[in-house]
Amino acid sequence: MGIRVLVVDHSATARAILSDILEKSPLIESVDTAPNAFIARDKIVKRIPNVICLDVELARMDGITFLKKIMKYIPIPVIMIFSKTQKKARTVLDALDAGAIDFVIKPNTNMYKKKDEIAKELIDKVIIASKSKPISTLNSKKHATLTYDNSQTKVQKLIAIGSSTGGTKAIKEILTRLPINTPSIIIVQHMPASFTKQFANGLNKLCKLEIKEAQNGDTLKEGKVFISPGDKHMVLKRSGTSYYLELKEGNKVSGHKPSVDVLFNSVAKVAGKNTVGVILTGMGSDGAKGLLKLKQSGAITLGENEKSCVVYGMPKVAFQIGAVSKEVSIENIPKEILKALKNIIE
């Protein structure tokens, strides 16, 4: 049976174009439409689509408010639809935080002429969403901040994390529970360049750790977290006893820029056994080979398990090739990271 999609958009033109794009995919069985949240609600209850494409700008009830209601009452994977004028990093991140799987930016003008620009992206993301778990169905319990005793530490340890679809909430789950004296953390999250700084700033307000978008030459220090900019590869370098970050241009690697494989490969060469490597939810295989190199270098490696993943893609491939020392639910990853750090031989 194919994928059933509901397109919810205030614009009749947008509904027609998005439907036309989706109906061309042989994997999509049917596409229904609705102009507002109230008509959409009735169609959701009656037909229960596999995926909802939801415009952020709706009459009577905005898209993010409706998204929250969907996640509360009948969780279904949602792809948010923004126009370029609506594309504000905070609004997009609010949508992801509220439970959206991903988002697509539609053209502001001449949608008929420009529809090919978004066709592949829209279809690919709908297919991924159809295989994912609605984020609100995953464990979202509040947990106390953990503790970490680093009084006996003699070498600089670090944590390297890679994630993609669903990763913004998974990263938040981890970072909000780690204590202020946690060794430095470096992260690649697949995300457009215009959003990574806002993502880091938002997390910084929620966590005891200091979180920022990485800059070229940043030095790794205890209690600090660095998130790669969305348009550059991030690699780890060493100067004497100190680690620092280098941001690089270049082509996509493993289909992405920044690439988790690029980060993990550099960490394996520079820090190796002093590292805990973690691969989280995401489609595809980016990070799997890099995590294997990390493991082979002596690092302890963790993979998010299938049950808690929004999309069990990257962690699955990593597990299948033997790159994962232990599979763990997102709820337990923070304490497993701290446990692994203690097991690193000084």
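Annotations for the structure displayed:
- Residues of segment 162-181 satisfying the condition of being part of a helix (DSSP H, G or I), out of contact with any Pro (no Cβ under 7 Å at 6 or more places or on another chain) and touching a residue at least 60 places away in the same chain (Cβ under 8 Å): 167, 168, 169, 170, 171, 172, 173
- The residues of segment 325-336 that are farther than 22 Å from residue 272 by Cβ and either in contact (Cβ under 8 Å) with a residue 40 or more places away in the chain or under 17 Å from the mean Cα position of the chain (by Cα) (or both), listed by number, are 329, 330, 331, 334, 335.
- Being within 14 Å of the chain's Cα centre (by Cα) and assigned by TED's automatic domain parsing to the domain that holds residue 191 holds for only one residue in 298, 313, 290, 322, and it is 313.
- Matching residues, segment 236-257, being under 30 Å from residue 132 (Cβ atoms) and either in contact with an Asp or Glu (Cβ under 8 Å, 6 or more places away or on another chain) or outside the structural domain of residue 213 (by TED's automatic domain parsing) (or both): 253, 254, 255, 256, 257
- In segment 315-333 there is no residue that is at pLDDT below 95, under 26 Å from residue 155 (Cα atoms) and out of contact with any Phe, Trp or Tyr (no Cβ under 7 Å at 6 or more places or on another chain).
- Single condition residue 53 does not satisfy, out of (1) within 16 Å of residue 118 (Cβ to Cβ); (2) in a loop (DSSP other than H, G, I, E, B); (3) of a type outside the set (Gly, Ala, Ser): (2)
- Subset of segment 167-188 (residues that are more than 18 Å from residue 344 (Cα to Cα), buried (at least 24 other Cβ atoms within 10 Å of the Cβ) and in contact with a Gly (Cβ under 7 Å, 6 or more places away or on another chain)): 167, 188
The values are calculated or read from the model by the stated rules, or taken from the named source; none is laboratory data. Here the structure is a predicted model, which is why all the values come from computation and not from measurement. We place every Cβ from the backbone using ideal geometry, glycine too, and count neighbours over all the protein chains shown.
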